[in-house]
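Step one of this worksheet: look at the structure below.
Derivation of every value follows stated rules applied to the coordinates shown; laboratory data play no part. Remember, predicted model here, so these are calculated numbers, not experimental data. Quick reminder, even Gly has a Cβ in these numbers, built from the backbone with ideal geometry, and neighbours come from all protein chains shown.
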Amino acid sequence: MHSRPTEEWQPAHGFGQTVRRPVERRVHAVIALTIVTMIAEVVAGWLTGSMALLADGLHMGTHAFALGLAALAYILTRARALDRRYSFGSGKIGELAGFASALLLGVSALVIAGEAVARLFDPRPIAYGDAIMVAVIGLIVNLASAALLGLDHHHGPDDGHDHHHGHGLDTNARAALLHVLADALTSLAAITAVGLAWMTGWLWADPLAALLAAAVILKWSVDLGRQSAGVLLDRQAPDAMRREITAALESDGDSRVIDLHLWSVGHQAWTLVAAVVTHGDAGPDDYRARLPGRPDLHHPIIEVNRCRGDGPEHE
């Protein structure tokens, strides 16, 4: 029997999810800005009788809900970070929130597209002054929100980079950013199209611009959903990272990696299960010591298979 309590041999159950990230405070600031704008538009719409202002104020409420989802995900991620009931930590709570936001973005794009198609076949008069005023307010608020979320540190909604490796926005923050960018895009499209319709009388310009904006938002939704779903479904890490790990484990020239599972368990958090075959006497701890010194690699498990004269041995 061991003379030391078994608790001393247990590794810490941490996957880098206990730290409060700076982007959290920016998400809270954007929620506050959105709620203030929502209240101001609803009150102004009620007092002036402007349905455009009232409708946009109510729309801001759905926007605040989506952002609140992101804020709640951060709180739950930290609260459950050390809970051993979650085998690989709580990092996927943010991915789940990101996937939900992708669905909300997709639904909003389809609603916009449906309304735009209806307006193409049945043009309606536009209250040009009110429409442009609301669109300008929305554009200003959403550009300010994008700046608060750190747009200057982001490569764009679809930059093709792996946002779980490096210092980019995590999926949850990216989802919040995409919501404000989607609103900014629809506001910009509305300003352009309504202004054109006001000058020329081309009522079809407004729904056509809305259709184009809906198409862009739908693409963002699909990209965000694909990214978050990949983490939720334990998609393998990028090839470059897999090659780096394989090369490290095979660095003695004798060992060969025969099985490798390397996947994300949250933002900047990876875990590893690998099997190697060798003629040497190196043990699992020796192979773990060969791994790159990555602070984002947690709880690596290495199985060692030894080639002996009478067949393989496992360790």
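Quick check: pseudo-label points 7 Å beyond the Cα along Cα→Cβ at Glu250 and Ala229, how many nm apart are they?
3.3 nm
Estimate the FRET efficiency between Asp122 and Asp286 by the formula 1/(1 + (r/R0)^6), using the beta-carbon distance for r and 51 Å for R0, to the nearest 0.05.
According to the calculation, E is roughly 0.10.
With +1 on each Lys and Arg Cβ and -1 on each Asp and Glu Cβ, how big is the dipole of segment 176-315 about its Cα centre, in debye rounded to the nearest 20?
Rounded to the nearest 20 debye, it is 580 debye.
Using a 7 Å offset from the Cα along the Cα-to-Cβ direction at both Gln236 and His261, what is the distance between the two label points in nm, to one decimal?
That separation, rounded to one decimal, is 1.3 nm.
If you restrict to DSSP beta bridges whose two residues both lie in segment 239-314, what percentage is antiparallel, to the nearest 5?
In segment 239-314, DSSP labels about 60 percent of beta bridges as antiparallel.
Which length gain, in nm to one decimal place, applies between Ser87 and Ala144 when the Cα-Cα distance is subtracted from 0.36 nm times their residue separation?
16.6 nm
Express the relative contact order of segment 253-299 as a whole percentage, based on alpha carbon pairs under 8 Å and six or more residues apart in sequence.
40 percent
Between segment 56-95 and segment 170-248, what's the alpha-carbon centroid distance in Å?
20 Å
If you take the square roots of the eigenvalues of the alpha-carbon gyration tensor of segment 13-232 and sort them as a ≥ b ≥ c, do you get rounded (a/c under 1.5), prolate (a/b over b/c) or oblate?
prolate
With +1 assigned to the C-beta of every Lys and Arg and -1 to the C-beta of every Asp and Glu, and no other charges, what is the dipole magnitude of segment 18-146 about the Cα centre in debye, to the nearest 20?
800 debye
As I understand it, the dipole of segment 13-232 uses +1 on the Cβ of Lys and Arg and -1 on the Cβ of Asp and Glu, about the Cα centre. Which of Gly68, Val231, Ala44 lies farthest toward its positive end?
Val231
If you count, for each residue, the other Cβ atoms within 10 Å and average over each peptide, how do 189-197, 171-179, 253-261 line up from highest to lowest?
171-179, 189-197, 253-261
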